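The values are calculated or read from the model by the stated rules, or taken from the named source; none is laboratory data. Source: prediction; values computed, not measured. Because the Cβ atoms are built from the backbone with ideal geometry, glycine has one as well, and the counts that use them run over all protein chains shown.
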Amino acid sequence: MTEPRHFIEIADWTSGRLRRLLDLAGRVRDGAFADRPLEGRTVAMIFQKPSTRTRVSTEVGVAQLGGHALMISELDSQMGRGESISDTARVLSRYVDAILIRSSGHERAVEFARHATIPVVNGLTDLVHPCQVMADLLTVVEEFGPDPSRLRVAWVGDGNNMANSWLNAALRFGFSLRLACPPGYEPDPRILARAASSQVELVRDPERAAEDAHVVTTDVWASMGDEGEEEKRAAAFAGYRVDELLMARAHPEAIFLHCLPAHRGQEVAPEVIDGPRSRIFREAENRLHIIKALLLDLIR
């Protein structure tokens, strides 16, 4: 089986390749590849959504590897005037060495990958956020060792693109995952069904999800695009805040993760996100190491 030239969903890659990616990211973090292996290479970054971590980690990562990152806004390009994704992908494939896309619609990333002859990396879509969850997993293996399959992870809150990517990760890495989501806010049914053969459980009670978990993680209640539902979501998620009482249900060595940005006092208590169990800033740093490892893997 030919390994994919793109990184669109975690589940697209084999377990072995994903584990090698984490190992490579660890070596990047520890100072390998000072010889600037992407010298003379260019990565195009196409952004439909605002970004801090994805944009900065990619620009800095490409520069540190010796390459050049080119920011392309849809509004400032012919895509904003209706040029097709297929034409754009084919043209960019003749100019640059890889494309990172951050888009509302998942199908846009899939279509870029379908037509591009260079690697395409999904920097975020409304369906999945694979680079972030790989950075989360790098944080987890730094904390607990190289084999995450023995661990228990608790997701608390919205069944959004982060929850979907944790499901994909559980499928490939084999760890136990409990997701506590309120009715009507479950993960994507296709992704949930695909992960059903692994140690995955969807529950309503956050306390049950957090029981003896090594990792407790969450996200904002209203993601980008959901801002008009803030009041409705605040009511639905009122019992899904990660606070010290919930963390007390977790494993004694449990850590807390959040992809950021965070709303302290809503999905997470300040005492948790700013407390001793929080690893949010190491997690954010690991975005840099993961994107560098991905580009090293994909650009040949």
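Before we move on, is residue 88 more than 23 Å from residue 167 (Cα to Cα) and in contact with a Phe, Trp or Tyr (Cβ under 9 Å, 6 or more places away or on another chain)? Judged against the criteria, residue 88 is a match. Name the residues in segment 37-56 that are among the small types (Gly, Ala, Ser) and closer than 22 Å to residue 260 by Cβ, would you? Selection gives 51 alone.
Within segment 86-113, residues that are among the aromatic types (Phe, Trp, Tyr) sit with their Cβ atoms under 7 Å from residues that are modelled with pLDDT of 95 or more, at 6+ positions apart or across chains, in these pairs: 112/89; 112/99; 112/101; 112/120. Among the residues of segment 1-27, those identified as assigned to a helix (DSSP H, G or I), under 15 Å from residue 138 (Cβ atoms) and of a type in the set (A, V, I, L, M, F, W, C) are 10, 18, 21, 22, 24, 25.
Contact map, segment 167-183: first residue closer than 14 Å to residue 140 by Cα, second residue aromatic (Phe, Trp, Tyr) and in a loop (DSSP other than H, G, I, E, B), Cβ cut-off under 9 Å, separation 6 or more or different chains; pairs are 169/175. Of the residues making up segment 232-250, those that are more than 20 Å from residue 133 (Cβ to Cβ) and not in a helix (DSSP H, G or I) are 237, 238, 239, 241, 243, 248, 249.
Within the bounds of segment 220-243, is there any residue that is polar (S, T, N, Q), modelled with pLDDT under 95 and not assigned by TED's automatic domain parsing to the domain that holds residue 100? Yes, because at least one residue in segment 220-243 is polar (S, T, N, Q), modelled with pLDDT under 95 and not assigned by TED's automatic domain parsing to the domain that holds residue 100. If I ask for residues that are closer than 19 Å to residue 125 by Cβ, out of contact with any strand residue (DSSP E or B) (no Cβ under 8 Å at 6 or more places or on another chain) and either of a type in the set (S, T, N, Q) or buried (at least 20 other Cβ atoms within 10 Å of the Cβ) (or both), which ones from segment 28-76 would you list? Within segment 28-76, 52, 53, 57 meet the criteria. Note on segment 38-47: residues that are modelled with pLDDT under 95 and in a loop (DSSP other than H, G, I, E, B) amount to 0.
How many residues does segment 252-298 hold that are part of a loop (DSSP other than H, G, I, E, B) and either at positive phi or not assigned by TED's automatic domain parsing to the domain that holds residue 230 (or both)?
So the answer is 2.
Selection of strands (runs of 3 or more DSSP E) fully inside segment 53-159 by the criterion of at least 1 residues being at pLDDT 95 or above and more than 22 Å from residue 293 (Cα to Cα) returns 152-156.
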